[in-house]
Amino acid sequence: MLFTGQCHCGNIQLRFESAFSPADLPLRACQCAFCRAHGAVAATDPRGRLTLTAGAANEVRRYRFGLGVTDFLICARCGVYVAAVMEIDGQHFASLNTNVLRQRAELTQAPQPVKYDAENAEQRRARRQRNWTPAELHLGAG
């Protein structure tokens, strides 16, 4: 299945290739303050692929908080949170905010609430390397 999407203004575009259909894509509702403030509904597929491309790299903001190991990608033009990205051993892994997908109305799974507060940086990296989507970034220096 190919999902496509973008931030509100279209500066950050994405292609999410997944083995899941829209009706079967597992969704998560992270309970951290950032994700709750943005109303994020996350999805990943470790067998999939996410490609993120920016039209204007200088309009992509990378925000870090908590353990400081993850870049939360936000469009500086329109303020939309698109994805969380982490680099591990030279490879990028991402969790997508499904609210930016064109197919979001077709996503029918109830988001499962999740909390990761008890993880340290090493545990977080290991979980994300196992569970997040391999990603290709064309965002410039941002």
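Neighbour counting of Cβ atoms within 10 Å sorts the residues Asp24, Asp89, fewest neighbours leading, into Asp89, Asp24.
Fully extending the segment from Glu106 to Ala76 would add 8.0 nm, taking 0.36 nm per residue of separation and subtracting the current Cα-Cα distance. Can you pull the percent of Cα pairs in the chain with separation above 27 Å? In whole percent, the share of Cα-Cα pairs in the chain beyond 27 Å is 12. Under 5 Å from the amide H of Val60 lie the amide H atoms of Ala76, each residue being 5 or more positions distant or on a separate chain, with H modelled from the backbone and absent for Pro and chain starts.
Along the stretch 123-140 the Karplus relation, 6.51 cos²θ - 1.76 cosθ + 1.60 evaluated at θ = phi - 60°, assigns HN-Hα couplings of 5, 5, 4, 4, 5, 5, 5, 6, 10, 7, 8, x, 9, 10, 10, 10, 10, x Hz to successive residues, with x for each Gly and Pro. Rounded to the nearest 5, the antiparallel percentage of DSSP beta bridges internal to the stretch 2-138 is 80%.
Rule-based calculations on the coordinates, nothing more; no lab input. Owing to the predicted nature of the structure, the values given are computational and were not obtained by experimental measurement. Note that each Cβ is placed from the backbone with ideal geometry, even for glycine, and that neighbours are counted across all protein chains shown.
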